[in-house]
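What follows is a short report on a single structure.
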Amino acid sequence: MRMELLLFDVWVLLALTHCPGATEELFEVSVRPNQALVEFEQSLLVNCSTTCPDPGPSGIETFLKKTQVGKGPQWKEFLLENITENSILQCFFSCAGIQKDTTLGITVYRPPDQVILELQPAWVAVEETFTVKCHVPSVAPLENLTLTLLQGNKELQRKNFVSLAVAPRRPEVTISVRAQRENDRSNFSCHAELDLSPQGGGLLHGSSAVKVLRIFEFSESPQIWVSSLLEVGMAETVSCEVAKVFPAKDVMFHMYLGDQELSPSLSWEGDTAWANATVRAMETGDQELSCLASLGLMEQKIREPVHVYSFPPPILEIEEYPLAGTDVNVTCTGHVLTSPSPSLWLQGASDRPAPGEPAWLALTAREEDDGRNFSCEASLEVQGRRLIKTTVIQLHVLYKPRFEESGCPGSQTWVEGMVQMLACIPRGNPAPTLVCTWNGIVFDLEVPQKATQNHTGTYCCTATNQLGSVSKDITVIVQGPGEGISSTIFIIIIVALGVGVVTIALYLNYRPCKTERRKLPYRKKENDKVEESQFAAQQEGKFNLNNC
């Protein structure tokens with residue numbers, strides 16, 4: 001068997017040697033790659049080869065720009081550049097006068113790098129229709145493309161373009177939707193998918209930027225809340241409100257007084273939005289307060305007239321620190337910036353002056369007037385409204401120090417063992433300083449003392465201010481712990497008995513007492529005056545002789 005195979009091979013070789021045309025007829029031509037997928041404007045390296053042992057003319061036929069970059073006895077290699085469209089390349093070789101060729105189909109693809117989503121309009125009123133459109137400016141091959149519109153993760157519409165492979169049109173997908181409140185702030189996007197697996201490639205993706213849809217309701221005009229009268233230079237709060245608006249928190253406000261833009265603070269609750277601003281008018285006269293409310297592409301404006309007036313408080317003048325016993329003039333005038341002149345009324349004055357005239361009051365300062373308030377009221381009619389301004393000033397009367405029994409009792413009783421303080425508050429303006437001595441030693445009035453029998457005695461207190469000084473003796477008696485209680489009970493019993501006796505006497509002698517009572521106050525007043533004069537003379541004599 002082996003011998004027979006060897007004889008057959010020799011016979012075939014001899015047959016081919018005597019028939020050279022048979023070799024050429026059996027040669028083949030091939031091209032690599034056998035399937036070409038090229039991105040737009042990119043290059044491709046193509047290798048053409050043959051099995052002919054001694055090939056003749058050869059090359060490639062194509063309308064593309066080609067450059068031979070290599071060759072061998074049975075192959076040639078070419079670089080195809082700037083490929084922009086699909087084409088078919090022909091590779092040929094000739095062998096012993098016979099030419100054979102093979103073809104290579106080149107598919108050009110363009111990835112969906114740019115996916116454009118259009119949302120028209122971006123702000124939509126409730127119940128109106130809006131359009132979502134997606135398109136890819138340049139992509140190939142179209143028959144491999146699929147576009148999908150999405151609302152969030154929800155698929156709205158999917159479209160492929162198999163039937164448009166030869167149509168020179170832009171691939172796009174469009175959908176129309178009726179707006180509802182729940183659509184507000186919805187995210188819309190578009191996804192492109194280019195499937196190149198039929199051409200031996202992979203799956204290419206592209207996505208658009210996300211677009212946000214805004215839904216609104218804005219059916220009512222804004223309202224302004226402002227006083228029709230504004231005082232120049234004074235801060236006033238103004239408000240602008242919009243009701244039945246959605247979404248209320250997205251309403252924008254711009255407020256103006258004339259050409260002056262205000263800085264409002266914004267608030268919202270439910271379907272109502274409002275803005276509060278502080279306005280300070282700097283010029284008098286008629287002006288206009290305006291409010292512009294906007295939501296998305298929609299805006300509404302309202303204007304409200306206001307009148308700006310000037311009315312400073314009246315000017316009240318008085319001598320600040322008169323001496324007791326001196327004459328004091330109180331004068332009230334209207335401010336020069338007030339127009340027209342206001343009407344004035346000064347408290348305590350006998351009559352009202354004419355408009356434009358000052359109001360005044362003359363008096364002699366007394367110690368009792370120290371701390372007395374004087375007020376002046378100015379009234380002005382503006383735009384049919386009566387306005388009132390009041391100025392208050394306090395009179396401070398200067399007088400020498402003095403002691404009153406109510407503030408500095410001349411006799412004081414302490415209870416032994418109890419914490420006590422010497423009670424003495426002098427009067428005077430300026431406020432006097434008080435120094436008390438006991439047995440020649442200065443006694444600290446600010447420090448509480450635990451009462452002992454040693455505290456019994458006479459204390460000398462001297463009050464001094466810039467106008468003079470006065471002194472007073474204070475007798476302190478220290479009682480034992482039980483004495484004070486017994487005395488208190490005794491006093492209560494005596495008072496109770498006295499009240500009972502007086503009640504019975506009044507009941508039995510009502511008519512005679514009633515007649516006598518009419519005379520009693522006058523006599524008592526005369527007696528009191530005599531006693532006060534005697535007491536004052538005694539005290540003055542005692543002060544001059546002893547001076548504590």
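The values are calculated or read from the model by the stated rules, or taken from the named source; none is laboratory data. Since this is a predicted model, take the numbers as computed values, not measurements. Don't worry about glycine lacking a Cβ; one is built from the backbone with ideal geometry, like all the others, and counts go over all protein chains shown. Ligands, DNA and RNA are stripped out before the accessible areas are found, and what is left, the full protein with its side chains, is counted by its heavy atoms. Shrake-Rupley method; radii C 1.70, N 1.55, O 1.52, S 1.80 Å.
Tabulated data for the structure shown
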item	result
Whichever residue in region 335-347 is out of contact with any Ser or Thr (no Cβ under 7 Å at 6 or more places or on another chain) and surrounded by 13 or more Cβ atoms within 10 Å (Cβ to Cβ) and, among such residues, is modelled with the lowest pLDDT	S341
Filter pass, A349 being part of a strand (DSSP E or B), among the small types (G, A, S) and out of contact with any Gly (no Cβ under 6 Å at 6 or more places or on another chain)	no
Residue in region 352-369 that is most open to solvent (accessible area, probe 1.4 Å), counting only those that are hydrophobic (A, V, I, L, M, F, W, C), within 20 Å of G325 (Cβ to Cβ) and outside any loop (DSSP other than H, G, I, E, B)	A362
Criterion (within 30 Å of A248 (Cα to Cα) and in contact (Cβ under 8 Å) with a residue 40 or more places away in the chain) met by exactly one of I302, I318	I302
Matching residues in region 254-265 - criterion: being surrounded by 16 or more Cβ atoms within 10 Å (Cβ to Cβ), assigned to a strand (DSSP E or B) and within 20 Å of the chain's Cα centre (by Cα)	H254, M255, Y256
Residue pairs meeting the criteria (Cβ under 8 Å; at least 6 apart or on separate chains; first free of Cβ contacts under 8 Å to residues at least 12 places away in the same chain, in region 334-352; second open to solvent by less than 30 Å² (accessible area, probe 1.4 Å))	R352/L344; R352/A359
Within region 168-180, considering residues that are of a type in the set (D, E, K, R), modelled with pLDDT under 90 and open to solvent by 50 Å² or more (accessible area, probe 1.4 Å), the one nearest to the chain's Cα centre (by Cα)	R170
Selection count, region 282-291, where residues are part of a strand (DSSP E or B) and either in contact with a His (Cβ under 8 Å, 6 or more places away or on another chain) or open to solvent by 40 Å² or more (accessible area, probe 1.4 Å) (or both)	5
E377 being surrounded by 15 or more Cβ atoms within 10 Å (Cβ to Cβ) and outside any loop (DSSP other than H, G, I, E, B)	yes
Unique match (being within 27 Å of F311 (Cβ to Cβ), under 17 Å from the mean Cα position of the chain (by Cα) and open to solvent by less than 60 Å² (accessible area, probe 1.4 Å)) among V232, V251, V279, V226	V279
Any hit, region 292-304, residues being in contact with a helix residue (DSSP H, G or I) (Cβ under 7 Å, 6 or more places away or on another chain), open to solvent by 40 Å² or more (accessible area, probe 1.4 Å) and assigned to a loop (DSSP other than H, G, I, E, B)	no
Subset of region 59-91 [among the aromatic types (F, W, Y) and crowded, with 17+ Cβ neighbours inside 10 Å]	F78
Residues (on the phi > 0 side of the Ramachandran plot and touching a Ser or Thr at 6+ places or on another chain (Cβ under 9 Å)) located in region 81-128	N82, A96
Residue under evaluation Q199, criteria (1) at pLDDT 90 or above; (2) open to solvent by 20 Å² or more (accessible area, probe 1.4 Å); (3) closer than 30 Å to E28 by Cβ, criterion not met	(1)
K100 open to solvent by 10 Å² or more (accessible area, probe 1.4 Å), in contact with an Asp or Glu (Cβ under 9 Å, 6 or more places away or on another chain) and under 24 Å from Q157 (Cβ atoms)	no
